[in-house]
Amino acid sequence: MINKEPSGLRPIALCFASLLLTACSLTPGPSPETPSNVESAPVPVEALGTDEVLSRIKPLPSQQIPTGECGLFLWAKHQDTPLVFFQRSGGDAFMHLDDVAAGLTRTSAGDQIALQFYETQTFTVADVTVKVDVNPEQIRSLQQGLKLPSGSISVTTKAGWSAAMPVAGAIGCQ
């Protein structure tokens, strides 16, 4: 009789499944300082830079869009492409600043892309002003997702420090 299933794969698959289940059960719940409308997951502790501004910014955890909503995702053009900015279709925007997933208050917007998403937006939180500039692709369709191949996030503190980072992203809907 010929055995069609390689005997060495079954123990490896069982071991992998066991590790996966263990990892899922160890996922911590949301931290008290994380806004309830931002997905919570372990966030890497390393900042995006070492200067006065970029040292305050850390990657956001992955975000999911509820059914019937859209979201704007921006990833830093950095070696590990961390998610650094997220905005919901209602206009709520978030960045991870000073060890907290902070909600940003929009103070200006120009050149509407779709819904509450704009090519140029300015936000504030605490002592920081965040300017987001994105360049959407020419063909615009939210149904299939919209690529934002280039852009930048400029961060300025009230103390006068500033830094900019190149980003790329997408607007997607569920």
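Would you check if there is a residue in segment 84-97 being modelled with pLDDT under 50, in a loop (DSSP other than H, G, I, E, B) and not hydrophobic (A, V, I, L, M, F, W, C)? Within segment 84-97 (the criterion being modelled with pLDDT under 50, in a loop (DSSP other than H, G, I, E, B) and not hydrophobic (A, V, I, L, M, F, W, C)), the answer is no, since none of the residues qualifies.
For segment 126-149, the set of residues classified as at pLDDT 95 or above, surrounded by fewer than 19 Cβ atoms within 10 Å (Cβ to Cβ) and either on the phi > 0 side of the Ramachandran plot or β-branched (V, I, T) (or both) consists of T129 only. Condition test on T129, is it of a type in the set (S, T, N, Q) and either touching a helix residue (DSSP H, G or I) at 6+ places or on another chain (Cβ under 8 Å) or within 18 Å of L54 (Cβ to Cβ) (or both)? Considered against the rule, which asks whether it is of a type in the set (S, T, N, Q) and either touching a helix residue (DSSP H, G or I) at 6+ places or on another chain (Cβ under 8 Å) or within 18 Å of L54 (Cβ to Cβ) (or both), T129 comes out as yes. Scanning segment 137-146 for residues that are in contact (Cβ under 8 Å) with a residue 24 or more places away in the chain and assigned to a loop (DSSP other than H, G, I, E, B) turns up R140, L142, Q143, G145.
Every residue, every condition in (1) closer than 22 Å to Q64 by Cα; (2) in a loop (DSSP other than H, G, I, E, B); (3) in contact with an Asp or Glu (Cβ under 8 Å, 6 or more places away or on another chain), yes or no:
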site: V130; (1), (2), (3): no, no, no
site: L148; (1), (2), (3): yes, no, yes
site: V167; (1), (2), (3): yes, no, no
site: A170; (1), (2), (3): yes, no, no
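Here A109 clears all of (1) surrounded by fewer than 13 Cβ atoms within 10 Å (Cβ to Cβ); (2) free of Cβ contacts under 8 Å to residues at least 24 places away in the same chain; (3) among the hydrophobic types (A, V, I, L, M, F, W, C) except the condition numbered (1). Is it the case that L104 is closer than 25 Å to S62 by Cβ and either in contact (Cβ under 8 Å) with a residue 40 or more places away in the chain or loosely packed, with under 13 Cβ neighbours inside 10 Å (or both)? Judged against the criteria, L104 is not a match. Name the single residue, out of those in segment 105-134 being small (G, A, S) and out of contact with any Leu (no Cβ under 7 Å at 6 or more places or on another chain), that is farthest from S150 (Cα to Cα). The residue in question is A126. If the condition is being surrounded by fewer than 13 Cβ atoms within 10 Å (Cβ to Cβ) and either touching a residue at least 12 places away in the same chain (Cβ under 8 Å) or in a strand (DSSP E or B) (or both), then segment 150-165 contributes K158, A159. Out of all the residues in segment 56-70, is one or more assigned to a helix (DSSP H, G or I), out of contact with any helix residue (DSSP H, G or I) (no Cβ under 9 Å at 6 or more places or on another chain) and not β-branched (V, I, T)? Yes - at least one qualifying residue is present in segment 56-70.
The values are calculated or read from the model by the stated rules, or taken from the named source; none is laboratory data. Fair warning: this is a prediction, and the values are worked out from it, not measured in the lab. Cβ atoms come from the backbone with ideal geometry, glycine included; neighbour counts cover every protein chain shown.
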